[in-house]
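Each value in this text was obtained by applying a stated rule to the coordinates, not by laboratory testing. Bear in mind that the values here come from a model prediction, so they are computed numbers and not experimental data. FYI the Cβ positions are ideal-geometry reconstructions off the backbone, even for glycines, and counts take in every protein chain you see.
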Amino acid sequence: MKKSFFLLLIFLSFSFFLKAQNYSTQIQLLKKQISSTNAPSLKAQYYIKLGNLYQNTDSIDQAINAYSKALSYLKNSHNYQALYQLNTFLGILYSEKSQYQEANQYFSKSVFYARKLGDKRKLSQAIFNQGNTLMQLKNYKDAITKFEEALSIAFDLDNLALVKKAYTNIALCYKALGNQKRYMQYFNLSVAIDRKIKEQIIKQKELEARKQAQIARQKELLLQIQQYKTKTVEDSLNYAKELNEKNKMRIALLEKEKKLKELEIQRREAELKKKAAELRQRQIIIVSLLVLLFVIVVASALVYKLYRDKKEAYRQLESLYKELEVKNRQIRESIEYASRIQKAILPSEIAIRSNFPAGSFIFYQARDVVSGDFYWFSDHGKYKFLALVDCTGHSVPGAFMSLIGNTLLNEIVNSKRIFDPAQVLTELHNEVVKLLNQESADFDTVQDGMDIVLCRFNIDDNTLTFASANQPLFVFYPDGEYHMHKGDIYSIGGFAAFQKVEFENKTISLTNGTNIYLSSDGYFDQFNGKTNEKFTRRRFIELLKEIYKLPMDEQYKIIRKTFEEWKDGMIQLDDVLVIGVRYLDKQNAEKLRKQLQDIISKAASGS
């Protein structure tokens, strides 16, 4: 109970201080609490909270120092859960600093404590983290060994997400080693794993159904054989009984005649005995022939049945192949239909452009047929709402979450008419948690959620009010000044279901020509085909600095071309969504909109 409570403190410790006015006050308060206690367990808790605060302010070195001190107070304890988590935190922070040697040491300790806990899920993730650091150190062979070890455990746990990640990273390692054949082998495994597993499930169910049908047929055949045997025995008994009655009549007749023909009886006695013996012999032959005939008939029936079953099995196998082909085609058609549905619910780009006449673009590229990223727009007079949403996962699971998110946003804003962005995100979070029943779920299994940035443009006072759940917002002013706003650290749903979530509004002033950009992490996290480096958020900001003054259509072409050239043959690892809009005040927007309408009218009239 004590360990579970302490583990919960690790994940929720920072939320207790969110009501304080600023991080500096919270940090000073924690330092006083650390100085005022001599209890190692309390000091460890305070240092963990301090590390969380430093991490929230991007003070990575201070966060590492705080977590290290917490680790020093717990290193002689048996709280393996906390020791595992702290070593994992330190490994992640050193990875963010690109100090992969130190990160690998801490991930190695995470593996040790995961084994102590006997938790295969944590063990597989810790080994996978080791593999990532070794890959960054270009120690590709050892990285492959770690990924394969994590892969083995992930298969035991049926952890398909980790299986796919392991296949992808093994493919990247083999590509770095110049082994194109192995690269393609593991790349194809990563792409096909979902489809293969679904096909195995379908095949298993169909085999089970055929097995049950075959057992039923065998039982029916055995019952028929048993009934046939019973009838044959009854016929034989009736025949013997009838024969016995006839013999009795003969004996009675002979006894009557004995008195008259004693001499004749004595003379024929030997003959009668001989005939009786011959009769018994004939009976034995007849019974033997009947039994043999029965065996031949049954054997022939079984052979014919086996032949017919084998022929039927071949026919069913051929039918099954055809049926599987049909089902595969139906699955592909269903996914393509789901893609059309998903595109149908997305807002019209024309509607967005008409509300931002100075220019806008949307770079939307799913990793698979359907996407876990989506965008949302709603016009409410002086308020124009624009949102970018990155749902957990991609392909069909991500698309399903995107449908949930789109439906809830329409209900909250358009139906309930809640126009406060922070309140909208809080309502969205509560609805997702309730809809997916996440409050009562196990902590390690709650994953489904979404990251979102929701913008509300007020065209009356030229302000942008936004609330963000773990998604960045980039603002570029005409004079070259730019800002990146990170927003709140919570996600919608998922692990945040176990926390008290409160989102905050931020309001910024807008001038004519201000550019606002939204982007999911699929663009930042894409690996380069030659160097195996991520594109990173830093490169994205540098790209925006170079192009923000260009027309929006030109910016779209450059952003798309840059992404494709960066991939350089590498597979797309995640869904990608980038949105850009250029703001004009109400008067200038109307003037530009009228000019565009005049141009369109003149073009239509041919003048």
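Points to keep in mind about this one:
- The GluC sites (Glu not before Pro) of segment 534-585 include none that meets both criteria, a DSSP state outside H, G, I, E and B (loop) and at most 15 other C-beta atoms within 10 angstrom of the site's C-beta.
- Eigen-decomposition of the gyration tensor built on the alpha-carbon atoms of segment 347-601 gives equivalent ellipsoid semi-axes of 29, 24, 16 angstrom, largest listed first.
- Listed values for segment 102-110 are Karplus-derived 3J(HN,Hα) couplings in whole Hz (6.51 cos²θ - 1.76 cosθ + 1.60, θ = phi - 60°), namely 5, 4, 5, 4, 6, 5, 4, 5, 4, and x replaces Gly and Pro.
- Lys/Arg +1, Asp/Glu -1 at C-beta; segment 482-591 dipole; positive extreme among V501, G487, G569: G487
- The chain, relative contact order [Cα under 8 Å, separation at least 6], %: 9 percent
- Positive-end extreme of charge dipole, the chain - chosen from S36, V326, G580 (charges on Cβ): V326
- Taking packing as the residue-averaged number of other Cβ atoms within 10 angstrom, the listed peptides 99-106, 338-345, 508-515, 124-131 run from highest to lowest as 124-131, 99-106, 508-515, 338-345.
- Cα gyration tensor category, rounded, prolate or oblate, for segment 54-158 with a/c compared to 1.5: oblate
- Short-range pairs are left out: with C-alpha atoms under 8 Å and at least six residues apart, the relative contact order of segment 347-601 is 25 percent.
- Restricting segment 96-142 to trypsin sites (Lys or Arg not before Pro) that sit in a DSSP loop and have at most 13 other Cβ atoms within 10 Å of their own Cβ leaves K97, K138.
- For the chain, with +1 on Lys and Arg beta carbons and -1 on Asp and Glu, the positive-most of L290, L408, A192 along the dipole: L290
- Magnitude of the charge dipole for segment 2-195, about its Cα centre and with charges confined to Cβ atoms of Lys, Arg (+1) and Asp, Glu (-1), is about 280 debye.
- Charge dipole (debye, nearest 20) of the chain; +1 at Cβ of Lys and Arg, -1 at Cβ of Asp and Glu: 2940 debye
- 3J(HN,Hα) couplings calculated from phi for segment 399-408 with the Karplus curve 6.51 cos²θ - 1.76 cosθ + 1.60 (θ = phi - 60°) are, in sequence order, 5, 4, 5, 5, 5, 4, x, 4, 4, 5 Hz; Gly and Pro show x.
- Rounded Å value of the spacing that divides the Cα centres of segment 550-575 and segment 115-137: 33 Å
- Shape of segment 101-224, Cα gyration tensor, a/c cut at 1.5: oblate
- Using a cut-off of 18 Å between Cα atoms, the listed pairs K175/K567; K164/K203; K165/K534; K97/K138; K382/K545 include K164/K203; K382/K545 as exceeding that distance.
- When each of the peptides 449-455, 143-149 is scored by the mean number of other C-beta atoms lying within 10 Å of its residues, the order from highest to lowest reads 449-455, 143-149.
- Here each label is just a point 7 Å from Cα along the line to Cβ, and for S68 and Y304 those points are 8.7 nm apart.
- Of the GluC sites (Glu not before Pro) found in segment 412-495, those that fall in a DSSP loop while having at most 15 other beta-carbon atoms within 10 Å are E439, E481.
- Sorted by Cβ density within 10 Å, fewest first, the residues S520, S319: S319, S520
- In Hz, Karplus ³J(HN,Hα) per residue of segment 539-545 (6.51, -1.76, 1.60; θ = phi - 60°; x = Gly, Pro): 5, 4, 5, 4, 5, 5, 4
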